[in-house]
Amino acid sequence: MREALQRGLREALDGNPNVYLMGEDIGAYGGAYAITAGFIDEYGPERIRDVPISENTFVGAAIGSAIGGLRPIVEFMSISFSLLAFDQMINIGAAIRYMSGGQFKVPIVIRAPTGSGIQLAATHSHAFENWLASVPGFRVVAPTTPYDALGLLRSALAEDNPVIMAEHVSLYGRRGEVPDDRYTVPIGKADVKLAGSDITLVAFAHGVVTAFEVADKLKERGIAAEVIDLRSLRPLDMDTILKSIAKTNRVALIDDNWRTGGMMAEVSAQISEQGFDLLDGPVARVGGDDVPAPYSRPLEQLVIPDSDRVIQAIQKTYGI
Amino acid sequence: MKVLERAKKTLLADLFRQMYLIRVFEEKCGELYGKGLIRGFLHLYIGQEANAVGAISVLRPEDHIVTHYRDHGHALARGLDVNRCMAELFGRATGVSRGKGGSMHLFDASRNFYGGHAIVGGHFPLACGLALAAQYKREDRVVLVFFGDGSVNQGTFHEAMNLASLWRLPVIFYLENNLYGMGSAAGRVRAAGSDFQGAGHAYGMDVVTVDGMDVMAVREATQAAAERARSGKGPAFIEAKTFRFQGHSMADPVKYRGHSEVEHWRKRDPLVTFPRTLVENGLVPEKELDRIRKEVEATIDEAIKFAEDSPWPGPEAVNEDIYA
Ligand SMILES: Cc1ncc(C[n+]2csc(CCOP(=O)(O)OP(=O)(O)O)c2C)c(N)n1
Ligand SMILES: [Mg+2]
């Protein structure tokens, strides 16, 4: 995944002189997750821009520069720190076009490492991509594979709107095929990552990894699961989900993040509105526990839903 | 006085015209608010006209302006269409922001006027970003950002001052110190009270204090600041001492300050002192000022008529302008 992102960033920098990268310690340090390691030597400090620890202002400045004609790519050290910049992101980034009656474009990509699983406790493990996905004006993507990461990054860079790319920290080391050609992955299109006819599993980012584990376990019992990777949280591709449910008549939603008000709460609501008649039973929704992320390994593992929890929910709901 | 004599008479007359335009616009807005034709929050600029007019008069068309919610004066001084500004306050489709922004959110890309921002302190980063874009593209532009004494207490002010100074961004920070943020006198909400020198010094900037009731003094200070910013020396900081004659917004009963303070400042009303100086020194005759007054009043009447006659935005507008 890391190399795919690096390739996308290099392409952008090479292809357009108005593209620049901005973030805390992305230069000399190489980035908290080493995505931009070595970039500063290639592109120099004007384009690989280290910033003071001032999230609201540097993100706001990046937004301002996008309005001023540049194409910034911002990296948060952690999506947790995006909380300090919600003001600029939402009050200006997402709203200035509307508020001005369509006079400005905000072509910015904001990359944000997100998610838990590496014992960083409550201030560094929460995920807010679902909150951001509720904001009109944003597009929000959350890739699971290196292929999707590169393809979505390319699409994001072709957008004239703010795009937030939530990158799950546990996926940075993930391997996968990436072709040489300049393919793109459209924003707003979910992906059927595994075809099956008995139950639909919907997930995104790290949840997709869990969904595959679930599918493996179900397969041992002769149940064929279909795995849908949302890829885009906004816009949400309900068509792909509903089409799958029309075939399987069962659905389990998997979300690593807080269950209350989570991404899957929205998906569930839309399924009940648009696909109620397609289902043999209620939606089986599995989310993370509603607690601040604990530090201790066994506790942290407890709050993130694993495949067993999903299997139990499926059994309880559908008796399979 | 010397400054006045050196200035062209047409310029002096025009500075008066602009200040009077803002004054009448604002007075009418107050009336229209009472009649329910303008709604939402309305913050009048009455008393502060010399700041917008003086500072913006030394900018070039390609320079950028960013301001806060008390923005009518800045918009008009920048030459935004009076009719369309009024229509925006009426919420009409012909408004500068298509009726989607209202009083606090006036925008005009064609005049490099980037709002109209109503999160106190929320516009500082935008100013830095616009300046960064100009610097990055090697464009010869400066960014003028207006703000109030209350916003200096926001984190973004300090973050933006640091960033602008660190990167030598061409930003002119123009503080309109009207002594109050809503009902809070600076001394009650700022550890350093109403002394703003330290606010600049902490980030390696000199703070130039100017009389914000004197349009010529404002011009001179902003000219110097713009030269500094243009020359690549980095940002400049101006503190203008000024006063709003009316309440913070139309909802403010003004219980936090005394009548005598208001009277004291009213004696320095730029719309009294400036024309008086022009006439007394034989720079612009009273007759000419009267002609300008009549012309401005007609312009505002026309703007109100334009706004009233303008269509409301259609329902289709609700979902427009969200994405590019
Ligand atoms: C973040 C935020 N907090 C509070 C407010 C409410 N508010 C609007 S204007 C204002 C006072 C600001 O005063 P100042 O910066 O001095 O500007 P002035 O109104 O005097 O021009 C306050 C508290 C707001 N709009 N945004
Ligand atoms: Mg004030």
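Under the simplified labelling scheme, the B:Glu31-A:Asp306 pair shows an inter-label distance of 7.6 nm, with each label point 7 Å from Cα along Cα→Cβ.
Give me the Kirkwood hydrodynamic radius of the protein assembly as shown, using the inverse of the mean 1/r over all pairs of distinct Cα atoms, in Å to one decimal.
Values: mean 1/r = 0.0373 Å⁻¹.
The Cα-based Kirkwood calculation yields 26.8 Å.
How much length would be gained if the chain were fully extended between A:Lys189 and A:Tyr29, taking 0.36 nm per residue of separation minus their Cα-Cα distance, in nm to one decimal?
54.1 nm
Restricting the count to DSSP beta bridges whose residues both fall in chain A, what percent are antiparallel, rounded to a multiple of 5?
Working: 5 of 37 bridges.
Counting only bridges with both partners in chain A, antiparallel ones make up about 15 percent.
What the Cα atoms of the stretch A:9-84 give is an Rg and a Dmax of 11.6, 31 Å.
Overall size of the stretch A:2-171 from C-alpha positions, given as principal axis extents largest first: 43, 36, 32 Å.
Label-to-label distance, B:Lys233 versus A:Glu11, with points set 7 angstrom from Cα along the beta-carbon direction: 4.7 nm.
The orientation-averaged projection of the convex hull spanning the C-alpha atoms of chain A amounts to 16.2 square nanometres. Stokes-Einstein D for the stretch B:2-311 at 10 °C, 1.306 mPa s, Kirkwood Rh over Cα pairs, in µm²/s? Result for D is 81 µm²/s. Over the stretch B:155-219, all Cα pairs binned in 10 Å intervals from 0 give whole-percent P(r) values of 18, 47, 32, 3, listed from short to long.
Can you sort B:Tyr20, B:Tyr136 by how many other beta carbons sit within 10 Å, fewest first?
Values: B:Tyr20 23, B:Tyr136 19.
The most exposed by this proxy come first: B:Tyr136, B:Tyr20.
On the beta carbon distance between B:Ser194 and B:Val3, with R0 = 35 Å, the FRET formula returns roughly 0.85.
The three principal axes of the Cα atoms in the stretch A:26-124 give end-to-end lengths of 43, 35, 19 Å, sorted in falling order.
What separates the Cα centres of the stretch B:2-57 and the stretch B:168-231 is a distance of 20 Å. Over the C-alpha atoms of the stretch B:74-137, the Rg to Rh ratio, Rh being the Kirkwood estimate, stands at 1.03.
With only alpha-carbon pairs counted, each pair once and no self-pairs, how large is the Kirkwood hydrodynamic radius of the stretch A:191-318 in angstroms?
Details: mean 1/r = 0.0692 Å⁻¹.
Computed over the stretch A:191-318, the radius equals 14.5 Å.
Going by C-beta contacts inside 10 Å, put A:His126, B:His264, B:His72 in order with the fewest on the left.
B:His264, A:His126, B:His72
Percent relative contact order of the stretch B:95-171, based on C-alpha pairs within less than 8 angstrom and at least six residues apart? Averaging sequence separation for qualifying contacts and normalising by length gives 27 percent for the stretch B:95-171.
Nothing charged except the Cβ atoms of Lys and Arg (+1) and of Asp and Glu (-1): what's the magnitude of the dipole of chain B about its Cα centre? Round to the nearest 20 debye.
420
Every pair of different Cα atoms in the stretch B:262-324 enters the Kirkwood calculation, which places the hydrodynamic radius at 15.8 Å. Given the stretch A:50-97, report the % of alpha carbon pairs whose separation exceeds 14 Å. The calculated P(r) of the stretch A:50-97 puts 45 percent of pairs beyond 14 Å. Our coupling estimate for the stretch A:79-91, obtained by passing each phi through the Karplus curve with A = 6.51, B = -1.76, C = 1.60 and θ = phi - 60°, is 4, 4, 7, 5, 4, 6, 10, 4, 4, 5, 4, 8, 6 Hz, Gly and Pro reported as x.
Using Stokes-Einstein with the Kirkwood hydrodynamic radius over Cα pairs, what translational diffusion coefficient do you get for the stretch A:152-247 at 4 °C and a viscosity of 1.567 mPa s, in µm²/s rounded to a whole number? Display every interim value, and only then the final one.
Values: Rh = 14.7 Å.
Calculated translational D: 88 µm²/s.
Taking other C-beta atoms within 10 angstrom as a stand-in for reagent exposure, A:Tyr318, A:Tyr20 fall in the order A:Tyr318, A:Tyr20, fewest first. Phi angles of the stretch B:78-89 translate, via the Karplus equation with coefficients 6.51, -1.76, 1.60 and θ = phi - 60°, into HN-Hα couplings of 7, x, 4, 4, 4, 4, 6, 5, 4, 4, 5, 5 Hz per residue; Gly and Pro are given as x.
Full extension of the chain between B:Val272 and B:Ala224 yields a length gain of 14.6 nm, computed as 0.36 nm times the residue separation minus the alpha carbon distance.
Placing a label point 7 Å from the Cα of A:Ala158 along the Cα-to-Cβ line, the residues of the stretch A:81-108 whose backbone N sits under 19 Å from it are A:106-108. The stretch A:41-100 to the stretch A:117-166: how many Å between their Cα centroids? Cα centres, the stretch A:41-100 to the stretch A:117-166: 15 Å.
By how many degrees, between 0 and 90 and to the nearest 10, does the Cα long axis of helix A:2-15 differ from the longest principal axis of chain A? The two axes meet at around 40 degrees.
The HN-Hα couplings worked out from phi for the stretch B:298-311 by the Karplus form 6.51 cos²θ - 1.76 cosθ + 1.60 (θ = phi - 60°) are 5, 4, 5, 4, 5, 5, 5, 5, 4, 5, 4, 7, 6, x Hz, whole numbers, x standing for Gly and Pro. When the alpha-carbon atoms of the stretch B:198-322 are used, the pair Rg, Dmax equals 21.0, 56 angstrom. Placing dummy labels 7 Å off each Cα toward the beta-carbon, the span from B:Arg111 to A:Gln315 is 7.0 nm.
Read the figures in this text as sums done on the coordinates, not as results from a lab. Here the structure is a predicted model, which is why all the values come from computation and not from measurement. No Cβ is skipped: glycine too gets one built from the backbone with ideal geometry, and neighbour counts run over all protein chains shown.
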